[in-house]
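What follows is a set of notes on a single structure, which appears directly below.
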Amino acid sequence: MSRLNTINPDTATGRAAELLTAVKSNMGAVPNLTKVMANQPAVLEAFLGLGEALSKGSFDPKIREAIALTVAGANRCDYCASAHSAISKSLKVEPSEIDSRLKGQSADPKLAALLSFAKTIVKKQGLVSDDDLAAVRDAGYDDGAITEVTAHVAANIFTNYINHVAQTDIDFPVVKIQ
């Protein structure tokens, strides 16, 4: 059971109600993570705004989900691993590739370099080396992509940590980080 309250969309009021209604409209459901975030509507609004802004970047949904899987794996967030595995499946990503992405790997060498860099950002708390930057640049990523992957890592750490603190009940097919 979640250690923080989950706000029921049917009884929510004010800004929390508005935001949860928007989540349901956009996603067709209201995931438990957003119900936890609705305890402080500014947090839910920040999460939704960051996601919307980053969706306008250069990475397509499959790459964004690959980064989310890598960060979930690196941070051992079962909720995010479960959610992003389900989303990746809906994007037609093969189960073996989903498993690889949870480890910061991919069968695609260019994506593997990006995911390795994302995992390095998490593990080194952003204090990457010149060699780490050179490796991702050598794979064909420019400073815009490096900035973008860093933002995605930060956005996913945000959700990982909310889930760690709350111990959010998983409302997707469960994936446990090994």
Check your understanding: Between K123 and K56, what length in nm is gained on full extension when 0.36 nm per residue of separation is reduced by their alpha carbon distance?
Key -> 21.5 nm
Check your understanding: 222 nm [θ] for the chain, helices only, -39500 (n - 2.57) per DSSP H run of 4+, per residue, to 500?
Key -> -21000 deg cm²/dmol
**Study point:** Local electrostatic count at H152 - Lys and Arg +1, Asp and Glu -1, tallied over other residues with Cβ under 11 Å
**Key:** -1
Review point. Structure shown: which of K24/K62; K62/K124; K62/K110; K56/K119; K56/K176; K103/K124 lie over 20 Å apart, alpha-carbon to alpha-carbon?
Key: K24/K62; K62/K124; K56/K119; K56/K176
**Study point:** Contour minus Cα-Cα distance for S90 and T21 (0.36 nm per residue)
**Key:** 22.6 nm
Exercise for review: Treating the Cα atoms of the chain as identical point scatterers in vacuum, please give the log10 of the normalised Debye intensity I(q)/I(0) at q = 0.08, 0.17 Å⁻¹, two decimals.
Suggested key: -0.25, -1.05
Review point. For the range 89-152, what is one quarter of the convex hull surface built on the Cα atoms, given in nm²?
Key: 4.5
Check your understanding: Hey, what D do you get for the range 14-54 in µm²/s if you plug the Kirkwood alpha-carbon radius into Stokes-Einstein at 4 °C and 1.567 mPa s?
Key -> 130
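Computed from the coordinates by the stated procedures, all read-outs in this text should not be read as laboratory data. This one's a predicted model, so the numbers in the text were calculated from it and none came from an experiment. Note: ideal-geometry Cβ built from the backbone for every residue, glycine included; neighbour counts use all protein chains shown.
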